[in-house]
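Asks: First the structure, which I've put down as structure tokens, then a few questions once you've had a look.
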Amino acid sequence: QKYGYYHCKDCNIRWESAYVWCVQGTNKVYFRQFCRTCQKSYNPYRVEDITCQNCKQTRCTCLVKMRHVDPKRPHRQDLCGRCKGKRLSCDSTFSFKYII
């Protein structure tokens with residue numbers, strides 16, 4: 001799971017997502033995300049690891065983990081290519097094999 005930056009060229013809308021699924025060890029994206037306005041699907045134009053803002057590590061041991069994601073923000077299943085139309089969401093605790 002990585003963090004991605006998106007841009008819809010038709011609507012000129014930009015968004016970011018902490019639900020970018022890549023081939024392990026690469027930035028090759030498995031699933032596209034949909035623009036909330038025009039519903040066209042896009043790959044992110046930039047992908048990076050989800051890092052802690054305190055220590056800048058991806059897997060840290062900080063007592064207070066400050067990630068550059070908001071864990072309280074709901075996941076938009078209707079715009080996610082991975083879980084759109086599925087019973088389970090990307091933010092559930094189930095493994096990948098149960099979502100497909």
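The values are calculated or read from the model by the stated rules, or taken from the named source; none is laboratory data. Values in this document were obtained by computation on a predicted structure and should not be read as measured data. Cβ placement follows ideal geometry from the backbone for every residue including glycine, while neighbour counts extend to all protein chains displayed. Heads up: the accessible areas ignore ligands, DNA and RNA and are worked out on the full protein's heavy atoms, side chains in. Shrake-Rupley method; radii C 1.70, N 1.55, O 1.52, S 1.80 Å.
Asks: Does the range 16-49 hold any residues that are closer than 10 Å to Q1 by Cα, among the aromatic types (F, W, Y) and out of contact with any Asp or Glu (no Cβ under 8 Å at 6 or more places or on another chain), and which are they?
Replies: Answer for the range 16-49, where residues must be closer than 10 Å to Q1 by Cα, among the aromatic types (F, W, Y) and out of contact with any Asp or Glu (no Cβ under 8 Å at 6 or more places or on another chain): just W21.
Asks: Give the residues of the range 28-38 that are in contact with a Gly (Cβ under 9 Å, 6 or more places away or on another chain) and not in a strand (DSSP E or B), sorted by residue number. Write out each step before concluding.
Replies: Of the residues in the range 28-38, the ones in contact with a Gly (Cβ under 9 Å, 6 or more places away or on another chain) are 29-34.
Passing the criteria: Y30, F31, R32.
Asks: Taking only pairs six or more apart or across chains, which ones have beta-carbon atoms under 7 Å, a first residue in the range 8-37 that is more than 17 Å from P74 (Cβ to Cβ), and a second residue that is basic (K, R) and loosely packed, with under 12 Cβ neighbours inside 10 Å?
Replies: Within 7 Å, the pairs are C22/K28.
Asks: Restricting attention to the range 8-25, and to residues there that are more than 14 Å from the chain's Cα centre (by Cα) and not charged (D, E, K, R), which single residue is least open to solvent (accessible area, probe 1.4 Å)?
Replies: Ranking the qualifying residues of the range 8-25, first place goes to C8.
Asks: Say we look at the range 39-62 and pick out the residues that are in contact (Cβ under 8 Å) with a residue 12 or more places away in the chain, open to solvent by less than 50 Å² (accessible area, probe 1.4 Å) and in a loop (DSSP other than H, G, I, E, B); which of these is farthest from C90 (Cα to Cα)?
Replies: Taking the candidates together, the pick is T51.
Asks: Going by the structure shown, is R36 more than 20 Å from C83 (Cβ to Cβ), at pLDDT 90 or above, basic (K, R) and open to solvent by 50 Å² or more (accessible area, probe 1.4 Å)? Break it down into steps so the answer makes sense when it comes.
Replies: Values: more than 20 Å from C83 (Cβ to Cβ): no; at pLDDT 90 or above: yes; basic (K, R): yes; open to solvent by 50 Å² or more (accessible area, probe 1.4 Å): yes.
No, not satisfied.
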